[in-house]
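Have a look at the structure below before the remarks.
The values are calculated or read from the model by the stated rules, or taken from the named source; none is laboratory data. Note that the structure is predicted; figures quoted are calculated from it, not measured. Neighbour counts are summed over all protein chains in view; Cβ atoms, including those assigned to glycine, are modelled from backbone coordinates with ideal geometry.
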Amino acid sequence: MSFRAQLSKAGALAASLLLLSACAAEPSIAPTGAVTEVTVTVAGMQYVPDTIEVPVGNELVITFENTGDVVHDLVLDNGAGSMQVFPGQAEVIKAGVIGAEVEGWCTIGNHRAMGMELTVIAVGG
Ligand SMILES: [Cu+2]
């Protein structure tokens with residue numbers, strides 16, 4: 001193999017490696033850098049609001065205020081969530097960059113079955 005052929009082979013390998021790493025590093029959603037802040041409260045066995053609209057790529061920060069009269073939490077299926085929040089207490093949940101629909105619910109007792117569910121809708125996806 002000539003030096004030139006070896007050089008071009010190495011170049012092709014480097015190019016394909018670059019391509020691979022570029023693909024791996026590219027996030028599935030482009031973060032907008034903007035933050036959507038929402039306060040969620042509790043009424044009976046419901047989150048208020050129980051639907052949150054977030055522009056695709058925005059970071060979502062939820063202030064979860066337990067305005068109910070028993071302990072609740074709010075966990076999301078993207079891995080974010082609060083600890084147990086007592087009545088009159090609040091916790092800020094950093095829910096990350098939203099790229100698709102996310103479901104949320106209360107893990108205490110049978111609260112989810114009683115209606116403590118919430119949906120984060122990614123708008124413009
Ligand atoms: Cu609850």
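Give the residue that is farthest from the chain's Cα centre (by Cα), with candidates limited to residues of segment 39-55 that are crowded, with 17+ Cβ neighbours inside 10 Å and more than 16 Å from the ligand (Cβ to nearest atom). Residue satisfying both the conditions and the ranking: Ile52. Mind listing just one residue for me: the one in segment 108-121 that is touching a residue at least 12 places away in the same chain (Cβ under 8 Å) and within 14 Å of the ligand (Cβ to nearest atom) and, of those, surrounded by the most Cβ atoms within 10 Å (Cβ to Cβ)? Once the filter is applied, the top-ranked residue is Met116. When segment 72-107 is filtered for residues that are within 10 Å of the ligand (Cβ to nearest atom) and surrounded by fewer than 16 Cβ atoms within 10 Å (Cβ to Cβ), the ones remaining, listed by number, are Gln84, Thr107. Of all the residues in segment 26-47, those that are at pLDDT below 95 and either hydroxyl-bearing (Ser, Thr, Tyr) or assigned to a strand (DSSP E or B) (or both) number 1.
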